[in-house]
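First up is the structure itself, then whatever we jot down about it.
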Amino acid sequence: MSAGLSMFLSYLVSGVIIGNIYGLMALGLTIILGVMKIVNFAHGEFYMLGGYAAYVSSIKLGIDPRLSILVAMGVVFIIGVIVERGLLTPLYAGKLDRPGDYALLMTFALSVFLMNVVIPIFGPYQKSSAPLAEGSVNLGVVMVGKTRLIASLVSILLMAILLVALKKTRLGIALRAIAADRDAAAVCGIDVNRMNPAAFGIGTAMAAAAGALLAPSFLVYPACGTIAASKANAILVLGGMGSTKGAIVGALLLGVFEALGVLFLTPGYRDVYGFLVIVLVLLIKPTGLFGSQEFS
Amino acid sequence: MLVLSDVEASYGDLRALNGVSLRVEKGEIFALLGANGAGKSTTLRCIVGLMKVRGGTIEFEGRRIENQTTSTIVKSGIGLVFEGRHVFPELTVLENLLAGAYLVKEARAVEQRTQELFEQFPRLAERKSQQAGSLSGGEQQMLAIARALIAKPTLLLMDEPSMGLAPKVVDEVFRVVVDLNQKGTTVLLVEQNARRALEVAHHASVLESGQVVLTGTPAELLQNRAVQTAYLGM
Amino acid sequence: MKCMRWISVLLVMALLSGVLAGCAPKATPAPSTSGKPTGEPIKIGGIGPLSPPGTPALGEEMMNAMKLRIDEINAAGGLLGRPVELVFEDSGGAPEKGTSAMEALINKHKVVAITGEGHSSAFLAEMEVAKRNNIVLLDCEAWSDQIRLRHYEYVFAIPAGNTMFNQKIADFVQGTGFKRPFILAEDTDFGVEGIQLLGGVFKEMGIEFGSLLVDRTTKDFVPFLLQAKEFKPDILVVNVTGIGSYLIVQQAKELGIAPSADCAYFSGVADMGYPELWETTGSSAVGVVWETAIHPKAEFTELTTPFVEKYKATYGRSPTYSGLQAYDCILVLEAAIRLAGSTDSAAIRDAMEKIRIKGTRGELYFPTEAGVLYHQAPVPLLFLQYTQDKQLPDKCEIVWPKDMQTKAYTKPQ
Amino acid sequence: MTKTTRTVLMLLLAAAVLTLPMWAGTYWTHIGVLCCYYVIVVSSWNLLVGYAGQMSFAQVSFSSLGGYVSTLTATRLGLHPVIGMAFGAIVGAFVGYLLGILCLRMRGVYHSLTTLAFAEAFRTMLNLEYKITRGSLGLLGVQLFPGTSKTPYYYVGLLLAVLALLLLYRIIRSPVGFTLRAIREDQTAASVAGVPLARYKLFVFALTAGMAAFAGGFLSHFLGVVTPDWATQSAMSFILAMAIMGGLGTFVGPIIGAVGVEVLVEYLRVLGRYYMSFFGLIVLLMLRFAPGGLLALFSGFKLPTFLRRRASQG
């Protein structure tokens, strides 16, 4: 195996292991986008809240680190529902001329607020939740910390559970129906406005899960969600807005693009390759790879 | 069964309904006729609560339902088949039906009703795990009707069910409507194809610029000179 | 009518600002513990990062340490018979915010001298404001050589300069017998200057080295570390501050690069001395060598331990050397004002060049010879090594300089 | 209120603004200069977003671009800062034009995500292209005027702001302005009505980017420094807050917003670590309860604002 290839593989493997956790986050964005037709610019901050929740639960309260991920999801789900009820209801009260732009501005402002409100609460020092496991595993091309590997597997599991739930459960079918056609879903008796908090809560809980999973590896601090959010956005565009399949494929593609970028360009720009990819994909296909407005 | 009195509605500053009054009796097929933009679809949207009623009242089985949430209205027994069908394209046929059965909480009842509908519409049974978006226009129309029926509505609102369909399929759709009605479902039918609608209807109204200008039995309407020129091309 | 509304908007806004101004605390006052000194207080300006993009942890430690000394001065009767007040402004570690903070200190609060800052980028902009206004600015924790090389009359520095610091790293690397160092540096002046300076010294010594600049806002350093691994280094020199410093320790360990038997890990930042280290890196930091200016095994002066104890008692955590430096900063300004006998800027400036006092880290004075040591107080630097899991910084062994060594560098297993 | 009182009050306000350096002291004059900068940047962003409906998160990228280009022209080429500012504006307008081309095909969310992506990529570039930009250290620049006095900066800033506002006002009142609003209300209808959409959009992208870049150039020569922090999303949140507080899509709103928020922030600064969260909270509450801005909140103006609550069909 040539040096270049083994380098590429090691970048790729380590990138994909983290990438699918961002994919989980992108899946959350997708659900919010599908049901509410908005992009949540504060998604990264829910990731951050998830990380802090996992920290409090695993370190301060001494709850099992794996259980803490569920705790983080639950806490952030509730916060998400509160945020949706408190701030986003004007979106579908039919009182705004430009609900899409309202949502962008609102979630943008929310992200500034959340990022700064945690400073007085948790202090400026970074935190880490309890590791999921000790030690590293040799994957042949690269060594990977066990915590990361477990986090990655858990995120795949969560994605699978979510996809199955969307496919099989009454709530899942209702959410997909709303995403496909809001009016038609309403006429099926689905209370579409009641589903918004559910979708927002589930979507933000996915971000929280990602935050909790990465907290032991990447630490938690007020601005820790920004990179995660930008990756989730890139995955969302890559995969095509609102396609759940796309979120997963997008995460893998981003991993590949980043590895290629690091290898042939420079590692310094690694976090920017996602943006370049957004631009390229949109120039070629303005609706994303799996583009459609529905999600299923 | 359904009584609209002086219903008003608007899109932004644009008035769409200027006091619509209708009376649909239990067990009948009631046809609502009118040109494009006369306010037929708007009337239906007001009835199911997809649009805000700015004036007047809507009564269903003696209870006021205007401006209630759509899900409450649907729960009280009204179903709607949209113009242009509006099936969920990326959901399978079965999932479309399951979405339609959202209000039916027991899994067994849902299964039973799905079976009944598959018997009634065998074409859908054949395609039950296909994506709804891949069905033909006629099949989508059948699916849209089936999806509305699975919740067993007592009043079914149908918006232009014949639009964009081949004549043969249109026949089939009307056969289904009559069949339904004979089994006891009241139907409020909005149609541009006035001749076909009047063939099956018991009563009908004509809507013009957001107001009812004429109401009567099909026979009476067919006699009307204005109806003849405007809607029947005579 | 329309006008009426306009006026009401303006009125409400005016009212709002009035209310805010009224309820605002008097910019972080340092409460006087004794009523002895009287008269108009002497205001000393503090500046530092209390909010992102700066490192708030750093600004906070500086502010706390400064407050300690200010309280001591007031308890002991004040300065020139007047009470002293610390006005601390947030620079956010960012140049433009820093200049605004400087303007506020000088023109709004009328401070007599200013000290603080931990980000060279911000300090470089702030020193321009000091220069324009002819006010003494004492650098507390900004390392850039550019600060020293500008030879500004009114600017003084108490932390190690980059040149000094990098010379010592090179000495340690050579003296301990490492052959292939690899430098990972952040994309700030601290990091970039570091690569240039350290690289220069390595070249002179004939040591082959590799280097890489990293984006300090990134979280996944794996690509950088994999590139470093290709070089097969025997010591990794990591000059990355803040969160990145912890992430790199953890990720380098996970990848099996360093600290290991084959490759040592050196970190050139204060963050290694924070209690967060073990919390956030697990046991990965065992074997890490780091640099500090404070250690109980090497007590510099009789002021060191009382300060550390007092800081611990007041704020519930150990100070790093930034805290010592901030405390020293106030000591220096205090001495200069006393010597000048007035709060006149020019007089304080002249006194600064004359004083020679004892600080928490040794004798403090400011030479006037041109070069990187212009107005640079002499600073001791110690290199420590963590040899056990959850080891307290105080229990570390001093591995460099040779004359202070308590134990030689030990290879981690 | 009579017309005379109104005139008198306006004259008083104008007199106060014109004589500010004489009575407000150095510090507030400093803030005054910053206000002028923000007025230009926010008002031009308002033309792009509030009038033309082209949501963008890249405005601060252009102002920092202007700052960098202007500073580099002055320091590397030794040209006068004024030439640097002009050159910065041209480069800014050109890059804005390019971003416009990129965004031309995109709608809604894709459009805003692309501008966001551009802004982040640009910021990272500023950080990493150390040899040109000196990374997060920022570039030290050339002062426009010698000495410590802020008065000349204030008057130049004021002049620039007034000129920029006059230009914007003329555009908004001209047929171009009406067309831009038509595009905002209904892109498809506007395009069916024969409006050359692409040309208008590119024009407004280039113009607003150029104005922001010019203002950025001015600021860099005032502060004597330009850093990547100008181009961050938290810097963008200030622009956003100013426009929202004042009233997006109105002419006077952003002006009041820019001055109001800048002054407010000076008071909030004493809140220390609470200040940004408090600030974020204010913006959230504004958006939630008065999306039309302060103007609409206090006066009940029926202005054709951007996010107004619908009068009818509510």
Less than 24 Å apart at the alpha-carbon level, and either on another chain or at least 8 residues along: which lysines does that give for residue D:3? C:2, D:302
How many Cβ atoms of partner chains, on average, are near each residue of C:105-116 if near means within 10 Å of its Cβ? 2
Averaged across the residues of B:86-99, what count of C-beta atoms belonging to other chains lies within 10 Å of each residue's C-beta? 6
If each residue of separation counts as 0.36 nm, what is the full-extension length gain between residue D:9 and residue D:195 once their alpha-carbon separation is subtracted? 62.8 nm
If each of residue D:132 and residue D:148 carries a label point 7 Å out from its Cα toward its Cβ, how far apart are those two points in nm? 3.7 nm
For the peptides A:113-123, B:54-64, what is the packing order when you average, over each peptide's residues, the other Cβ atoms within 10 Å and list the highest mean first? A:113-123, B:54-64
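For the pair residue A:93 and residue B:3, what calculated FRET efficiency results from E = 1/(1 + (r/R0)^6), where r is the Cβ-Cβ distance and R0 = 22 Å, to the nearest 0.05? Working shown, then result.
Values: r = 28 Å, r/R0 = 1.28.
After rounding to 0.05, the efficiency reads 0.20.
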Rounded to the nearest 10 degrees, what's the angle between the helix A:3-36 long axis and the longest principal axis of chain A, both from Cα atoms, 0 to 90? 10 degrees
Please list, in order along segment D:134-150, the HN-Hα scalar couplings obtained from phi with the Karplus expression 6.51 cos²θ - 1.76 cosθ + 1.60 (θ = phi - 60°), rounded to whole Hz, x for Gly and Pro. 6, x, 6, 5, x, 9, 8, x, 10, 6, 6, 10, x, x, 9, 5, 9
Globularity ratio of the protein assembly as shown, using Cα Rg and 2.2 N^0.38 Å: 1.04
Based on the alpha-carbon set only, what is the convex hull volume of chain C divided per residue, in Å³? 159 Å³
In order over segment C:58-75: 3J(HN,Hα) from phi, Karplus 6.51/-1.76/1.60, θ = phi - 60°, whole Hz, x for each Gly or Pro, gives 5, x, 5, 5, 4, 4, 4, 5, 4, 4, 4, 5, 4, 4, 4, 4, 5, 5
Order of A:5, C:303 - criterion: other Cβ atoms within 10 Å of each residue's Cβ, fewest first: A:5, C:303
Cα centroid separation, segment A:95-167 to segment C:333-384 (Å): 48 Å
How much length is gained on full extension from residue B:211 to residue B:230, taking 0.36 nm per residue of separation minus their Cα-Cα distance? 5.3 nm
Those helices of chain D passing the 20 Å axial Cα length cut-off and the mean Kyte-Doolittle cut-off of 1.0 (DSSP H runs only) are D:3-23, D:81-103, D:151-173, D:197-223, D:252-268, D:275-289
Using the beta-carbon distance between residue D:104 and residue A:6 and R0 = 51 Å, what value does 1/(1 + (r/R0)^6) give for FRET efficiency, to the nearest 0.05? 0.75
Amide H neighbours of residue C:384 at under 5 Å, excluding residues fewer than 5 places away on the same chain, with H built from the backbone geometry, are C:290, C:291, C:292, C:399
Against the longest alpha carbon principal axis of chain C, how many degrees, from 0 to 90 and to the nearest 10, is the axis of helix C:243-254 turned? 20 degrees
Against the longest alpha carbon principal axis of chain A, how many degrees, from 0 to 90 and to the nearest 10, is the axis of helix A:99-122 turned? 50 degrees
Please work out the ratio of the alpha-carbon Rg of chain B to 2.2 N^0.38 Å and round it to two decimals. 0.99
Here FRET efficiency (C-beta to C-beta, residue C:309 to residue C:149, R₀ 45 Å, nearest 0.05) is 0.75
Note, segment A:155-160: 3J(HN,Hα) by Karplus (6.51, -1.76, 1.60, θ = phi - 60°), whole Hz, Gly/Pro = x, goes 5, 4, 4, 4, 4, 4
Check residue C:113: other-chain or 5+ apart residues with amide H under 5 Å from its amide H, H built from backbone geometry? C:45
Protection proxy ranking, peptides B:29-35, C:226-232, average beta carbon neighbours within 10 Å, highest first: B:29-35, C:226-232
Taking chain C and dividing mean pair separation by its residue count, relative contact order in percent (alpha carbons under 8 Å, at least six apart): 14 percent
Taking the beta-carbon count within 10 Å as an exposure proxy, list B:108, D:269 from fewest neighbours to most. B:108, D:269
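Excluding residue D:31 itself, what net charge comes from residues whose Cβ is under 9 Å from its Cβ, given Lys and Arg +1 and Asp and Glu -1?
Summing Lys/Arg as +1 and Asp/Glu as -1 gives -3.
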Projected label distance in nm at residue A:194 and residue B:28, using a 7 Å step from Cα toward the beta-carbon: 3.5 nm
Among the listed pairs C:179/C:402; A:231/B:128; B:128/B:183, give every one whose C-alpha distance is greater than 29 Å. A:231/B:128
Leaving out same-chain residues fewer than 8 places away, which lysines sit with a Cα under 20 Å from that of residue B:105? A:167, A:168, B:75, B:152
Return C:109, C:375 ranked ascending by Cβ neighbour count within 10 Å, so the fewest neighbours appear first. C:109, C:375
What spacing in nm lies between the two simple spin-label points modelled at residue A:137 and residue C:301, each 7 Å away from Cα in the Cβ direction? 5.6 nm
Sequence-separation-based contact order of chain D, relative, with Cα cut under 8 Å and 6+ spacing, percent: 30 percent
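None of the figures in this text is laboratory data; all of them are computed from the coordinates on show. These figures come from a predicted structure and were not determined experimentally. Methodologically, a virtual Cβ is constructed for each residue, glycine included, from the backbone with ideal geometry; neighbour enumeration extends over all protein chains shown.
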